[in-house]
Ligand SMILES: *Cc1c(COP(=O)(O)O)cnc(C)c1O
Ligand SMILES: [Zn+2]
């Protein structure tokens, strides 16, 4: 077991010396170990003291069912806090901070037509405040961090999480420290530093950065959103299930295509759908969306395990343009495999070329420019459609998790320019048009 886990386990109560927060704002009741099932208080902890397994939040589902209705949600704020009864925390003022969520779900008839599908939808999460789905997990993590008494937020990131933590910390007036690999692209560094965070450029890979953060989290009273408050952070992803169901008139899609980095988003969307059925908000007992996971072949450890029929994930060294998905040792990989099997879905990997084609296909058929992660999901949609895995009438939701302006380099070399002189004849020559008036 890595030393960082031991250190963490010994420093269990940082930020919450009082123990758990038992108030009426949340229906969450405990943290539970996903391996051995032991439960503990709702503190800043992420590994089981007993077996070092990952922890997750458990809820009083009956209490949620008694509290929520379609009407109570509709009367809530136009942000993810409308689903606060399903979350481990809730702000007193839901308009505080950066408004996150309630991003557009749009029909994509031209994309569907290109692939022989009749009912394709795009969930465009690039429409969040810092242009990626990470705003959801960060909103929830920082709200919980504040409730636990933290005044400083931190994270290890390769880009999207850095942007989001820096921005949300500013909005809440929290101090923040963001750790990134030193060779990160300039635009991501600028788009993070501008919020006034303390940006640490670490000489090493993302895995080195992450290990450093685990060590720092063990003896500093800071909320590392993807380390010591990770169980709360990952709950934010469930809102991508609630929103889609609400936007579809409280019905479930037939199939979802979701990108996988650590596997948290994918497994939590599936959990979100389960909770909607369990609490009666969606009246489709027994039915669940088929969950398809999407990875880049250059970093596809979960897809490789699925393909090989394994129930464990062997770590890989990432080499892909889909950097926001480039986690070689995914924390929730085995849970993602389980979700793929039990929902009748699967996990596919696509090549670098297919990712770029996915970005272009989405842009040309829907008007949405996605970062490489959305190229991965669009390419997996294409692959499944060509393979005949999708019934043409199925209602398919493709999750687009980030904005194309974040990864311009991926498509920059494919841009066709027509250099012309500022004259009509030069223009006509360039596009092969003859003069109408001689
Ligand atoms: C982080 C991220 C994901 C998925 O992350 P998980 O670790 O699997 O939850 C997907 N898309 C984008 C753009 C991301 O930044
Ligand atoms: Zn355990």
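A few points about this structure:
- Enumeration of residues in the range 83-132 that are more than 29 Å from residue 390 (Cα to Cα) and outside any loop (DSSP other than H, G, I, E, B): 83, 84, 85, 86
- Residue 332 vs. criteria touching a helix residue (DSSP H, G or I) at 6+ places or on another chain (Cβ under 8 Å), closer than 18 Å to residue 34 by Cβ and more than 13 Å from ligand 1 (Cβ to nearest atom): no
- Given (1) at pLDDT 95 or above; (2) surrounded by 23 or more Cβ atoms within 10 Å (Cβ to Cβ); (3) within 16 Å of ligand 1 (Cβ to nearest atom), number of the condition residue 324 does not satisfy: (1)
- The criterion of at least 3 residues that are within 24 Å of residue 172 (Cα to Cα) is met by the following helices (runs of 4 or more DSSP H) wholly inside the range 194-273: 206-219, 230-233.
- Out of 89, 48, sole residue that is touching a helix residue (DSSP H, G or I) at 6+ places or on another chain (Cβ under 9 Å), free of Cβ contacts under 8 Å to residues at least 40 places away in the same chain and crowded, with 20+ Cβ neighbours inside 10 Å: 48
- Comparison of 280, 333, 293, 286 shows that the only residue that is at positive phi and either under 15 Å from the mean Cα position of the chain (by Cα) or in contact (Cβ under 8 Å) with a residue 60 or more places away in the chain (or both) is 280.
- Residue in the range 127-136 that is more than 16 Å from ligand 1 (Cβ to nearest atom) and touching a residue at least 24 places away in the same chain (Cβ under 8 Å) present: no
- Considering (1) touching a helix residue (DSSP H, G or I) at 6+ places or on another chain (Cβ under 6 Å); (2) under 24 Å from residue 329 (Cα atoms), the lone condition that residue 273 does not fulfil carries the number (2).
- Matching option when the condition is at pLDDT 95 or above and crowded, with 24+ Cβ neighbours inside 10 Å, among 343, 370: 370
- Among the residues making up the range 34-45, those that are away from ligand 1 (no atom under 16 Å from the Cβ) and in contact with a helix residue (DSSP H, G or I) (Cβ under 9 Å, 6 or more places away or on another chain) are 42, 44, 45.
For every residue, the table says whether it meets (1) within 14 Å of ligand 1 (Cβ to nearest atom); (2) surrounded by 17 or more Cβ atoms within 10 Å (Cβ to Cβ); (3) at pLDDT 95 or above.
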{"position": "178", "(1), (2), (3)": "no, yes, yes"}
{"position": "187", "(1), (2), (3)": "no, no, no"}
{"position": "209", "(1), (2), (3)": "no, yes, no"}
{"position": "214", "(1), (2), (3)": "no, yes, no"}
{"position": "219", "(1), (2), (3)": "no, no, no"}
{"position": "227", "(1), (2), (3)": "yes, yes, no"}
{"position": "247", "(1), (2), (3)": "no, yes, yes"}
{"position": "263", "(1), (2), (3)": "yes, yes, yes"}
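- Yes/no for residue 189 being more than 16 Å from ligand 2 (Cβ to nearest atom), under 21 Å from the mean Cα position of the chain (by Cα), free of Cβ contacts under 8 Å to residues at least 60 places away in the same chain and under 29 Å from residue 258 (Cα atoms): yes
Matching residues to (1) within 16 Å of ligand 2 (Cβ to nearest atom); (2) surrounded by 22 or more Cβ atoms within 10 Å (Cβ to Cβ); (3) under 15 Å from the mean Cα position of the chain (by Cα):
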| site | (1), (2), (3) |
| --- | --- |
| 114 | no, no, no |
| 127 | no, no, yes |
| 142 | no, yes, no |
| 158 | no, yes, yes |
| 164 | no, yes, yes |
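- In the range 51-65, of all residues being in a loop (DSSP other than H, G, I, E, B) and surrounded by 15 or more Cβ atoms within 10 Å (Cβ to Cβ), the one that is nearest to ligand 2 (Cβ to nearest atom) corresponds to 53.
The values are calculated or read from the model by the stated rules, or taken from the named source; none is laboratory data. Only a predicted model underlies this, so the values are computations on that prediction, with no experimental measurement involved. Every residue, glycine as well, gets a Cβ built from its backbone with ideal geometry; the counts of neighbours run over all protein chains shown.
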